[in-house]
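Reading through the structure tokens given below for one structure.
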Amino acid sequence: DAGGVDMELPLDLLPLINILSPNETELGRLTGMATDTEEEALAAAQSLIAKGARQVLVKRGSSGSMLVSGAGIEPLIQPAIPVDQVVDTTAAGDTFTSAYVVGLLQGRSEQEALHFAAVAASLCIQRRGAIPSLPSYAETMQYL
């Protein structure tokens, strides 16, 4: 996760990162590039790949997410899961990132893990608070 970083990453750290998971704002701060559109976010993520990051998982809020890997590999796009009412987005990014890793550790494909993470985040944003909004694994599985 890239929360709280208000500068570009030192280049020597990038090859040590398996999955860098910024939201669009953090991605802009890390790269010094615009990230308002999908194309801009993709270009910014690709710039980190070109500098040595293995994968960049960009959280784009209501626009979903994208996983950007090495040169010549198409980014994986995951739309956000629509909800009736957004209550609180405080823990949405952390929920998404952690659920994505859980999905990978369970042997899901990257695309399946992105979907699992999107479901978890969609449940999270329908509740108030950070810790109370985190969905359980069982609850997330009910919506797959």
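Nothing in this text is a laboratory measurement; each read-out follows from the coordinates by a stated rule. The structure presented is a predicted model; accordingly, all values stated were derived computationally and were not measured. Positions of Cβ are backbone-derived with ideal geometry, glycine not excepted, and every protein chain shown enters the neighbour counts.
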Discussion item. Show log10 I(q)/I(0) for the stretch 65-129 at q = 0.13, 0.17, 0.29 Å⁻¹, two decimals, from a solvent-free Debye sum over equal Cα scatterers.
Written reply: -0.36, -0.58, -1.20
Discussion item. As I understand it, the value is the acute angle between the Cα axis of helix 92-105 and the longest principal axis of the Cα atoms of the chain; what does it come to in degrees, rounded to 10?
Written reply: 80
Worksheet entry | Student exercise, the chain dipole from Lys, Arg, Asp, Glu Cβ charges, in Debye to nearest 20 | 300
Practice prompt. Pop out the Kirkwood hydrodynamic radius of the chain from its pairwise C-alpha distances, inverse of mean 1/r, in Å to one decimal.
Written response: 15.3
Worksheet entry | Residue-wise HN-Hα coupling along the stretch 33-49, computed from phi with Karplus coefficients 6.51, -1.76, 1.60 (Hz; x: Gly, Pro) | 10, 5, 9, 5, 10, 4, 5, 5, 5, 4, 4, 5, 5, 4, 5, 6, 4
Worksheet item: Taking only C-alpha pairs under 8 Å that are 6+ residues apart, what is the relative contact order of the chain in percent?
Response: 17
Worksheet item: Working out 0.36 nm times the residue gap between Ser62 and Gln85, then minus their Cα-Cα distance, what length gain in nm do you get to one decimal?
Response: 7.1 nm
Worksheet item: Of the peptides 132-142, 114-124, 39-49, 53-63, how do they stack up when ordered by the mean number of other Cβ atoms within 10 Å, highest first?
Response: 114-124, 53-63, 39-49, 132-142
